[in-house]
Each structure stands twice: as structure tokens, then as C-alpha cells.
1. Checking Arg27 against (1) of a type outside the set (A, V, I, L, M, F, W, C); (2) part of a strand (DSSP E or B); (3) open to solvent by 40 Å² or more (accessible area, probe 1.4 Å); (4) modelled with pLDDT of 95 or more, which test does it fail?
2. Do we have any residue at all in region 72-88 that's aromatic (Phe, Trp, Tyr) and at pLDDT 95 or above?
3. Taking Gln21, is it without any contact (Cβ under 8 Å) to a residue 24 or more places away in the chain, open to solvent by 40 Å² or more (accessible area, probe 1.4 Å) and either over 18 Å from Gly87 (Cα atoms) or β-branched (Val, Ile, Thr) (or both)?
4. Does any residue in region 59-86 that is more than 22 Å from Gly37 (Cα to Cα) come within less than 9 Å, Cβ to Cβ, of a residue that is part of a loop (DSSP other than H, G, I, E, B) and among the charged types (D, E, K, R) six or more places away or on a different chain, and which pairs are these?
5. With respect to Ser10, is the statement that it is surrounded by 11 or more Cβ atoms within 10 Å (Cβ to Cβ) and either at pLDDT 90 or above or not acidic (Asp, Glu) (or both) true?
6. Of the residues Leu63, Leu44, only one is closer than 20 Å to Pro93 by Cα, assigned to a strand (DSSP E or B) and modelled with pLDDT of 95 or more; which?
Amino acid sequence: MIEITEPARSAIKTAIDGAGQPVAGLRVMVQGGGCAGLKYGMALELEQQPDDAIVQAGEVTILIDPESQSHLSGTTIDFVSGLEGSGFVFENPNASSSCGCGKSFC
């Protein structure tokens, strides 16, 4: 369904390890809003939902709600560090266009 690069897995694992409590996984979602109409979201989840798609990426678990699954199919999530900062980058073959921030698409 989605691919998580090694740098992204490492960043996710660091976030989960630093949560201070047991975490079921990282939720990756698509929500309305952003510059281009839809935006990506991520949040640590304490519990998985029965209808979540579950993606195992090494030692980390990714949870995707049913509404986001079709938007994220085939997406690669990477984590990059550079002079302008660091963060997650989404390469989504389903996006017809995206904005410069890299967090919004349509």
C-alpha cells in the first residue's frame, strides 16, 4: 500500500520511543485543507481502530483509516534533513498537483 524509507522509519521509531507511553503506531491520514485542497497528517496513536489498514515497516507500525487509503495507495514517505529544516516528504502518484510546502495536494 505505502512505502516507508529507512530515514522515515528511523524518525518514526524515534518519535514512538520518545512518546513516554505504549503507542499502537503512527497514523498517516489525508484531510481536507491545505494550499491545494487536501493535506497529509500524522499522529501517534495509542490504539488502532478495527477498520485501519496496517502497514508494518521494519519495527514501526503505520495505521491508515479507510477514507485515507485510496489517497495514499502507492505513496512513498521519506524523511529529509537539509538547510531549510527537516521533515517528512510524501511522494504520491495519486496527486494530480501539489503545492510548494510538500504537505498539500489534490
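1. (3) is the only condition that Arg27 fails.
2. Of region 72-88, the ones aromatic (Phe, Trp, Tyr) are 79, 88.
From what's left, at pLDDT 95 or above: 79.
For region 72-88, residues aromatic (Phe, Trp, Tyr) and at pLDDT 95 or above: present.
3. Details: without any contact (Cβ under 8 Å) to a residue 24 or more places away in the chain: no; open to solvent by 40 Å² or more (accessible area, probe 1.4 Å): yes; either over 18 Å from Gly87 (Cα atoms) or β-branched (Val, Ile, Thr) (or both): yes.
When the stated conditions are applied, Gln21 does not pass them.
4. Note: pairs meeting the criteria are Leu63/Asp52.
5. Numbers: surrounded by 11 or more Cβ atoms within 10 Å (Cβ to Cβ): yes; either at pLDDT 90 or above or not acidic (Asp, Glu) (or both): yes.
Taking the combined requirement at face value, the residue satisfies it.
6. On the way: Leu44 fails: closer than 20 Å to Pro93 by Cα.
Going through Leu63, Leu44 in turn, just one is closer than 20 Å to Pro93 by Cα, assigned to a strand (DSSP E or B) and modelled with pLDDT of 95 or more: Leu63.
The values are calculated or read from the model by the stated rules, or taken from the named source; none is laboratory data. All of these numbers come straight from a predicted model, not from anything done at the bench. Note: ideal-geometry Cβ built from the backbone for every residue, glycine included; neighbour counts use all protein chains shown. For accessibility, only protein heavy atoms count, side chains too; no ligands or nucleic acids. Shrake-Rupley method; radii C 1.70, N 1.55, O 1.52, S 1.80 Å.
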